[in-house]
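Worksheet for the structure shown next.
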Amino acid sequence: MTTLATGTESLTRDALTVLQPGFTGTSAPDWLLRHLGEGLASVGLFGRNIESPEQLAALTAQLREARPEVLVAIDEEGGDVTRLEARTGSSFPGNHALGHVDDTGLTRDVAHELGRRLAACGVNLNWAPSADVNSNPDNPVIGVRSFGDDPDLVARHTVAYVEGLQAAGVAAVVKHFPGHGDTAVDSHHALPRIDADMTTLRERELVPFQAAIDSGAKGVMSAHILLPALDESLPGTLSPAALMGLLRASREDGGLGHTGLIVTDGMEMEAISGTYGLERGSVLAVAAGADALCVGGGLSDEETVLRLRDALVRAVHDGELTEQRLADAAARVRSLARWTRTAGAAAREAASGGAASGG
């Protein structure tokens, strides 16, 4: 087992806080509950963790006994990507169907109902919606997960989805920044490359992300894709130019002005782990501006958590990652956790008020 890297208690807590790990089983393992008490602030759930709404609610209650303000994250897009209904298939239309109908009210209602069901089970962070413009019909990973191939259509439905989901008290994480729609390679298996120039990116890929940020989306997920127009060597998840210079920078400075959480796509995906290594890639991601590291779709054990925790602490001691950058990332995670608690209470109050007034 990995030994704890030398460092202060606050460094260790911050390193744990920026992780969003997964686990196996339908109840929380002891190691996960222990790390929640030590600073871990997020947990990612997958289809393997879910048998029924009742079981999921019991699982999230377990997590909250260890840490009341825990972010419980899931990948629930509806359509082809579902965790709540992984065994049967989603009963909700996916993005492509919603974009084809092009009724933003329907998209908002679908997202709100998804959010309501997630919140009822104790889930408060959704790695959704996909804001990718499906500009390449041969795209192997986005396809029907996109609202369509028109940037303005994708933008208005992304906004509707974010509004519906967050009105239910569940934070939206818009993905996959800066846009995964023009790729012909699946980043689960290799590093995709998009050769579009910045003008094209701003007129196509970035339009839905800007709209979502302007509408108050709480999070944005980075993509493991190489865009030489932004950064000739580093993929988006590891690129300061993409995360700090474009996503985080103010509108006045040419950025999108995102002030919320930046979450990475799965760090064990081959585009990162097969190119940079899991630990090295994770350090580079946080240094570049990521606030939360998603890991657990494939690697779902305590050893992974310890490896990443220690790698981050060690990087601070070695001068590869500033203590302030890590502290800022952890603070943003904790801030979002507080928001979900407040927003969840407000959503429940609104629902009960509506039920009372409606009879």
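The values are calculated or read from the model by the stated rules, or taken from the named source; none is laboratory data. Just so it is clear, the model here is predicted, and its values are computed rather than measured. When we count neighbours, we look across all protein chains shown, and the Cβ atoms used for this are built from the backbone with ideal geometry, even at glycine. Each accessible area value is taken on the protein alone, full model and side chains, heavy atoms only, with ligands, DNA and RNA left out. Shrake-Rupley method; radii C 1.70, N 1.55, O 1.52, S 1.80 Å.
Before moving on, here are some points about what is shown:
- Selected residue (criterion: farthest from GLU302 (Cα to Cα)) from residues of segment 26-68 that are open to solvent by 40 Å² or more (accessible area, probe 1.4 Å) and modelled with pLDDT under 95: PRO53
- Within segment 236-248, the set of residues being open to solvent by 20 Å² or more (accessible area, probe 1.4 Å) and either assigned to a loop (DSSP other than H, G, I, E, B) or of a type outside the set (Lys, Arg) (or both) comprises PRO240, ALA241, MET244, GLY245.
- Matching residues, segment 69-96, being open to solvent by 10 Å² or more (accessible area, probe 1.4 Å) and modelled with pLDDT of 85 or more: GLU69, ASP75, HIS96
- Residue list for segment 216-235, filter: at pLDDT 95 or above and open to solvent by less than 20 Å² (accessible area, probe 1.4 Å): ALA217, GLY219, VAL220, MET221, SER222
- Only one entry of THR259, THR275, THR237 meets the criterion of being over 16 Å from the mean Cα position of the chain (by Cα) and among the β-branched types (Val, Ile, Thr), and that entry is THR275.
- Every listed requirement among (1) in contact (Cβ under 8 Å) with a residue 60 or more places away in the chain; (2) among the aliphatic types (A, V, I, L, M); (3) over 22 Å from ALA345 (Cα atoms); (4) open to solvent by 10 Å² or more (accessible area, probe 1.4 Å) is met by ALA119 save one, (3).
- Within the option set ALA196, ALA229, ALA212, being touching a residue at least 12 places away in the same chain (Cβ under 8 Å) and either under 27 Å from GLY164 (Cβ atoms) or in a helix (DSSP H, G or I) (or both) holds for one residue only, ALA212.
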